[in-house]
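These notes are about the structure you will find just below.
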Ligand code: KG4
Ligand code: ZN
């Protein structure tokens, strides 16, 4: 009987190729993952230029841009992989969480293509994509591990026992840490998206000129709270604002430094606590904020002292990308998991710990 790899006993297994489509927010991205060769293409179009003048993502503009970009990007990805559309065996697309209109674009393209080609489609949880992104690297983590999952919309600590086996240990009670970076950057006039820009400016900051609070650090919980930090940044700015532009530029750098130190200290302390509580020796850090250099340095130091192995995605796969959606979908599709109908279903809110566990673990992991 043919298995999910389309081969009978004795045959050389045929390849199984998954096309991944990401359109949950402000990046249109495509990935192609081959069972035999791993990642064979990834293409991304960023909408920064579309939203920049508004200081944040405008959902309607995001949807319209995804409509323009998705099909040409699929064509570029096929070209990069040097394969034809007919060689694709399955389609994975981001079904949530994310902006409803934006998700609808990716899911409509995915479902229409899958229907036309007569192949399965599968809705993928965007946060599961982030969580599994380090598995795209040659030096990959193995289960079980603790995952610090930090993006623009979520801040979570999870105990990960296997694919789809996610136990939430703690999460942000208000703003996600990426959101706090973005809001603080905005009030300092650094534009959108602010996280990386704020972090860059923080390098010029005077250490310890300002000491920001470390929210929830003394509470016996793995939950976070970041919304107070941006208010602290705002008040500090207005208290110390000067007439002199040069002084104000330094003030902004000092505030950026104080904010980043506080936010990363809290992430470090809670992550260490999660590792101690679970007794696990592997740490995965993923999502847009995992690109933050001071965070990586602090975590690496703590990991070294405690004999923990730490894994991050490569820089371009810390933030949104299509490769992680192709991989996350592939790991499930290869085991026969697929959408049960041809309807276009999206889940703008979709909790990670509600995901289904596939019947068996993927053999290569
Ligand atoms: O994962 P992601 O690309 O999109 C979401 O799923 O939300 O994460 C984007 C978030 C933004 O809030 C962005 O400011 C933040 O990640 N980010 C950073 C850095 N690079 C991106 N935050 C701090 N430092 C960075 N270097
Ligand atoms: Zn994301």
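The values are calculated or read from the model by the stated rules, or taken from the named source; none is laboratory data. Keep in mind that this is a model prediction, so the values were computed, not measured. Every residue, glycine as well, gets a Cβ built from its backbone with ideal geometry; the counts of neighbours run over all protein chains shown.
Data overview
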quantity: Residue within the range 222-239 that is in contact with a strand residue (DSSP E or B) (Cβ under 7 Å, 6 or more places away or on another chain), in a loop (DSSP other than H, G, I, E, B) and surrounded by 23 or more Cβ atoms within 10 Å (Cβ to Cβ) present; calculated: yes
quantity: Complete set of residues in the range 91-114 that are outside any strand (DSSP E or B), in contact with a strand residue (DSSP E or B) (Cβ under 8 Å, 6 or more places away or on another chain) and either within 15 Å of ligand 2 (Cβ to nearest atom) or farther than 20 Å from residue 60 by Cβ (or both); calculated: 97, 103, 106, 110, 111, 113, 114
quantity: Hits in the range 74-103 (condition: surrounded by fewer than 20 Cβ atoms within 10 Å (Cβ to Cβ) and closer than 19 Å to residue 129 by Cβ); calculated: 100
quantity: Hits in the range 271-294 (condition: part of a helix (DSSP H, G or I) and within 16 Å of ligand 2 (Cβ to nearest atom)); calculated: 288, 289, 290, 291
quantity: Complete set of residues in the range 295-346 that are within 16 Å of ligand 2 (Cβ to nearest atom), crowded, with 19+ Cβ neighbours inside 10 Å and in a loop (DSSP other than H, G, I, E, B); calculated: 312, 313, 319, 320, 321, 322, 346
quantity: Members of the range 181-196 that are away from ligand 2 (no atom under 16 Å from the Cβ) and either outside any helix (DSSP H, G or I) or in contact with a strand residue (DSSP E or B) (Cβ under 7 Å, 6 or more places away or on another chain) (or both); calculated: 188, 189, 190, 191
quantity: Boolean, residue 122 is at pLDDT 95 or above, more than 16 Å from ligand 2 (Cβ to nearest atom), surrounded by fewer than 24 Cβ atoms within 10 Å (Cβ to Cβ) and not in a helix (DSSP H, G or I); calculated: yes
quantity: Residue 51 within 19 Å of residue 321 (Cα to Cα), within 16 Å of ligand 2 (Cβ to nearest atom) and either touching a residue at least 40 places away in the same chain (Cβ under 8 Å) or in a helix (DSSP H, G or I) (or both); calculated: yes
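Listed here are the residues, each with its yes/no results for (1) more than 23 Å from residue 153 (Cβ to Cβ); (2) out of contact with any helix residue (DSSP H, G or I) (no Cβ under 7 Å at 6 or more places or on another chain); (3) modelled with pLDDT of 95 or more.
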position	(1), (2), (3)
203	yes, yes, yes
218	yes, yes, no
221	no, yes, yes
224	no, no, yes
241	yes, no, no
255	yes, no, yes
258	yes, yes, yes
267	no, no, yes
274	no, yes, yes
